[in-house]
Amino acid sequence: MKVLRIGIVGCGKIADGHAEIIKFLDGAELVAVCDREPLLAEQLAVRFGVPNFYSDLDEMLAKERLDVVHITTPPAVHLPITRQCAAAGANVFLEKPLAFDAAEGRQIIQTIIDAGLQMTVDYWPNFDPPAMEFKRLLASGVIGDPVHIESFIGYDLAGPYGQALMADGGHWVHKLPGKLFQNMMDHIFNRIVPLLPNVEPEVHAFAFKRRESVRGDDSDTMLDELRVYLRGGNVSAFGSLCSHARPVANTLKVYGTKDTIEVDFSNRTVILAASQKYPSSLGRLVPPFQSAARYFAQARNNVLAFRRHQSQYFAGMATLLELFYAGIRDGSGPPIAYDEIIRVMDVMDSIIQQVYPGGVPVEAGR
Amino acid sequence: MKILLTGAGGFVGKRILERLLERGQTDVRCMLRDTSKGTALQAIAAVHPAAQVELIAANLKNPSDIAAALDGVGLVIHAAAAMKGSPAEMFLDSVVASRNLLDGIVALDPARRPRVVLISSFGAMGVAPLGRGAMLDENTPMEAHAELRDVYSYAKLRQEQMFWDYHRRFGFEFVVLRPGVIYGPGGGHFSNRVGLSMFGIFVHMGGNNLIPLTYVDNCADAIAIAALSPQANGQIYNVVDDDLPTSREYLRLYKQQVKPIRSVSVPYWLLLWGSKQVERYNTKSKGQLPAVFTPYKTKTTWGGNRFTNAKLKALGWKPLVGTREGLRRAFEAFKSEPAKAP
């Protein structure tokens with residue numbers, strides 16, 4: 001297997017996750033990192049034993065002959081960096097959100113297509129073990145056709161990522177047209193969109209701010225609760241981003257024509273709904289046992305996966321990267337269809353236009 | 001002389017202001033990210049009405065904030081440092097911020113460059129090769145692989161290296177203080193050198209090691225003395241108090257005076273063996289569990305050393321508060337902070 005030469009540009013917090021995954025991947029070597037702040041590039045290189053670090057992307061691309069560049073910068077510079085990488089013949093793996101809007105996302109993808117290269121975006125939870133199991137069950141037909149989908153993402157404003165943007169009114173997330181929502185919505189709608197028919201969906205969004213104002217800057221104007229209804233053909237969906245409900249959940253529930261399934265990404269469970277098959281009150285005694293048995297089987301599978309060393313925190317990113325790198329080696333194409341990425345971004349654009357029209361937050365119920 | 005104090009709103013920063021004013025300084029510019037959090041500084045200033053204490057909002061990550069902060073300053077005491085956050089954030093807040101400050105200083109006319117005092121850390125000293133029980137002093141070589149310890153130590157080491165580099169290149173007056181474990185009311189309840197709280201139980205790992213404590217007022221006074229002493233130029237001073245307790249004694253006193261906590265003691269040999277297993281498992285499992293323990297971390301954190309403050313005392317410093325009294329005050333304050341207890 002050809003060992004791919006990997007580089008990272010953008011040495012902030014999320015770059016650690018990428019470096020940690022690449023370190024353990026077969027067939028890939030992290031050979032260089034780059035950040036316009038040389039001290040940040042240095043710290044990532046030193047901590048992960050990366051041979052070279054740069055503060056100039058063109059210099060890194062010229063000297064390192066990279067097969068893949070992981071772009072872990074804020075999205076404002078994804079397009080120009082993609083262009084630089086494409087000109088140097090490097091495939092790109094981009095952090096979400098891919099771009100400021102779908103139009104820019106299309107330009108990124110077209111740049112890569114025009115250069116005869118490949119790209120994908122870090123939709124890693126969709127490749128985590130529960131997501132892979134869900135895809136397998138969906139393909140097997142046990143759920144039937146999706147009728148309704150509920151995708152829920154919790155967010156902790158006091159958590160390590162939340163704190164970073166709450167403490168800094170100048171944080172790059174506040175500069176996004178959709179602010180916090182735009183930074184998180186991929187994970188809601190990249191689960192829904194593949195299950196909708198390929199028609200332009202109806203999108204109805206509302207949002208509000210639940211927390212109290214503190215600082216009087218951009219960290220205060222940001223909305224923090226989002227609810228979205230969608231309908232595409234004969235499938236409907238409901239997406240939520242919720243910053244205040246506890247525990248901080250990350251779930252997908254698909255109501256199908258044959259069965260209903262709930263995927264819990266945080267707890268790594270994929271459970272088909274129990275149903276009453278026997279008559280009368282006696283029949284109602286059975287489903288909780290059925291659910292318990294399914295959860296027990298899931299727990300056993302998770303323990304076995306742990307024993308097989310398949311339970312890393314970013315296991316989904318490892319799987320996604322293995323697929324992406326394999327596609328580059330054998331030319332079989334990227335693991336996420338470009339059309340699917342664009343459809344997700346179109347939905348996001350529509351939501352942002354409804355809750356931040358002209359960049360101004362519109363609070364539901366006010 | 002106008003003094004710029006960075007990190008003035010922090011645990012040590014507030015006490016540094018107090019000690020500077022107690023030692024007769026009358027013109028201090030306190031730098032904070034958010035001056036609305038300067039209430040404690042204003043209270044300290046109110047005790048010294050003749051002194052001019054100025055609070056300025058500045059973020060060292062923004063180079064544009066720095067020139068105004070340095071205007072007319074004859075002494076900079078750099079106490080700002082990141083204590084938590086991701087590695088990149090800690091590096092930004094400690095190292096990049098320091099580089100910006102240094103760039104601001106060397107941009108000044110050489111005749112107007114202030115004396116610079118850096119509050120570094122014991123983590124800058126390379127203890128792993130020394131063996132258990134070795135005496136640490138100002139001649140102990142710097143840490144060669146701080147990145148193998150923890151992000152805080154790595155950032156502090158890189159920060160100190162950078163200050164020495166600028167000092168050599170630009171020749172401004174420079175003093176380094178390396179405090180051990182700073183403690184006192186408002187501080188943390190336990191240093192990692194004593195142990196860690198894991199799964200609801202406190203795992204005591206320090207054994208009979210001496211804990212290099214320095215009471216926050218003692219540490220702040222050491223900083224003020226070194227900052228104001230002409231003979232301190234170009235020198236390093238380790239800051240530890242007298243009569244240091246062992247880790248076991250600290251834990252016993254905490255249980256007696258603050259609250260009874262469940263604890264289990266792990267001997268050093270077992271810790272070292274366990275660390276090797278954790279490190280191996282991390283590699284074998286492709287990072288399924290983080291390498292929170294490694295032999296290198298164990299050697300540097302729980303190997304145990306001896307400490308001296310002779311050089312600092314030769315400068316005229318002596319502890320304002322004895323260790324027994326310091327612990328009593330700290331533990332008394334800790335009683336009202338159950339959320340910070342393990």
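The values are calculated or read from the model by the stated rules, or taken from the named source; none is laboratory data. Please read these numbers as outputs of a predicted model, since none were measured by experiment. Don't worry about glycine lacking a Cβ; one is built from the backbone with ideal geometry, like all the others, and counts go over all protein chains shown.
Residue-wise test of (1) out of contact with any strand residue (DSSP E or B) (no Cβ under 9 Å at 6 or more places or on another chain); (2) within 14 Å of chain B (Cβ to nearest Cβ).
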site: A:Tyr123; (1), (2): yes, no
site: A:Asp128; (1), (2): yes, yes
site: A:Ser151; (1), (2): no, no
site: A:Met166; (1), (2): yes, yes
site: A:Lys179; (1), (2): yes, no
site: A:Gln182; (1), (2): yes, no
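Just give me the residues in region A:1-15 being crowded, with 20+ Cβ neighbours inside 10 Å and either within 11 Å of chain B (Cβ to nearest Cβ) or assigned to a loop (DSSP other than H, G, I, E, B) (or both), in sequence order. Within region A:1-15, A:Gly10, A:Cys11, A:Gly12, A:Ala15 qualify. Taking the stated definitions as given, is A:Ser291 closer than 22 Å to A:Leu196 by Cβ, more than 14 Å from chain B (Cβ to nearest Cβ), surrounded by 14 or more Cβ atoms within 10 Å (Cβ to Cβ) and among the polar types (S, T, N, Q)? When the stated conditions are applied, A:Ser291 does not pass them.
Only residues that are of a type in the set (A, V, I, L, M, F, W, C) and either modelled with pLDDT under 95 or not in a strand (DSSP E or B) (or both) were counted across region B:177-200, and they come to 4. Inspection of region B:139-157 finds no residue satisfying the criterion of being over 30 Å from B:Leu320 (Cα atoms) and away from every other protein chain (no Cβ under 14 Å). A single entry from B:Leu312, B:Leu327, B:Leu271 fulfils the requirement of being buried (at least 18 other Cβ atoms within 10 Å of the Cβ), aliphatic (A, V, I, L, M), closer than 30 Å to A:Arg307 by Cα and touching a helix residue (DSSP H, G or I) at 6+ places or on another chain (Cβ under 9 Å): B:Leu271.
Among the conditions (1) out of contact with any strand residue (DSSP E or B) (no Cβ under 9 Å at 6 or more places or on another chain); (2) away from every other protein chain (no Cβ under 14 Å), the only one that B:Ala232 does not satisfy is (1). The conditions are (1) within 16 Å of the chain's Cα centre (by Cα); (2) away from chain B (no Cβ under 12 Å); (3) under 21 Å from A:Ala90 (Cα atoms), and A:Ile342 fails exactly one of them. Which is it? Of (1) within 16 Å of the chain's Cα centre (by Cα); (2) away from chain B (no Cβ under 12 Å); (3) under 21 Å from A:Ala90 (Cα atoms), only one is false for A:Ile342: (3).
Quick grid of which residues meet (1) touching a residue at least 24 places away in the same chain (Cβ under 8 Å); (2) crowded, with 19+ Cβ neighbours inside 10 Å; (3) within 13 Å of chain A (Cβ to nearest Cβ); (4) basic (Lys, Arg):
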residue: B:Leu70; (1), (2), (3), (4): yes, yes, no, no
residue: B:Ala80; (1), (2), (3), (4): yes, yes, no, no
residue: B:Met90; (1), (2), (3), (4): yes, yes, yes, no
residue: B:Val95; (1), (2), (3), (4): yes, yes, yes, no
residue: B:Arg99; (1), (2), (3), (4): yes, yes, yes, yes
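Once region A:16-28 is narrowed to residues that are more than 8 Å from every other protein chain (Cβ to nearest Cβ) and in contact with a Leu (Cβ under 7 Å, 6 or more places away or on another chain), the residue that is farthest from B:Glu89 (Cα to Cα) is A:Gly27.
Kindly indicate whether any position in region B:242-250 is buried (at least 23 other Cβ atoms within 10 Å of the Cβ), at pLDDT 95 or above and either among the hydrophobic types (A, V, I, L, M, F, W, C) or in a loop (DSSP other than H, G, I, E, B) (or both).
Step one: of region B:242-250, the residues buried (at least 23 other Cβ atoms within 10 Å of the Cβ) are B:247, B:250.
Applying the additional criterion that residues be at pLDDT 95 or above yields B:247, B:250.
Those still in the list that are either among the hydrophobic types (A, V, I, L, M, F, W, C) or in a loop (DSSP other than H, G, I, E, B) (or both) too: none.
No, there is no match, as no residue in region B:242-250 is buried (at least 23 other Cβ atoms within 10 Å of the Cβ), at pLDDT 95 or above and either among the hydrophobic types (A, V, I, L, M, F, W, C) or in a loop (DSSP other than H, G, I, E, B) (or both).
State which residue is farthest from B:Ile3 (Cα to Cα) when the search covers only region B:77-91 and only residues that are among the small types (Gly, Ala, Ser) and touching a Ser or Thr at 6+ places or on another chain (Cβ under 8 Å). Of everything passing the filter in region B:77-91, B:Ala82 is farthest from B:Ile3 (Cα to Cα). For the structure I just gave you, tell me whether A:Val254 is of a type in the set (Val, Ile, Thr) and either surrounded by fewer than 16 Cβ atoms within 10 Å (Cβ to Cβ) or touching a Gly at 6+ places or on another chain (Cβ under 9 Å) (or both). No; evaluated as a whole, the condition is false for this residue. Scanning region B:105-151 for residues being of a type outside the set (A, V, I, L, M, F, W, C), out of contact with any Lys or Arg (no Cβ under 8 Å at 6 or more places or on another chain) and surrounded by fewer than 20 Cβ atoms within 10 Å (Cβ to Cβ) gives a total of 12.
Condition check ((1) within 26 Å of A:Asn267 (Cα to Cα); (2) in contact with a His (Cβ under 9 Å, 6 or more places away or on another chain); (3) among the aliphatic types (A, V, I, L, M)) across all residues:
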residue	(1), (2), (3)
A:Ala293	yes, no, yes
A:Ala297	yes, no, yes
A:Arg300	yes, no, no
A:Tyr325	no, no, no
A:Asp330	no, no, no
A:Gly333	no, no, no
A:Ile336	yes, no, yes
A:Asp346	no, no, no
A:Gly358	no, no, no
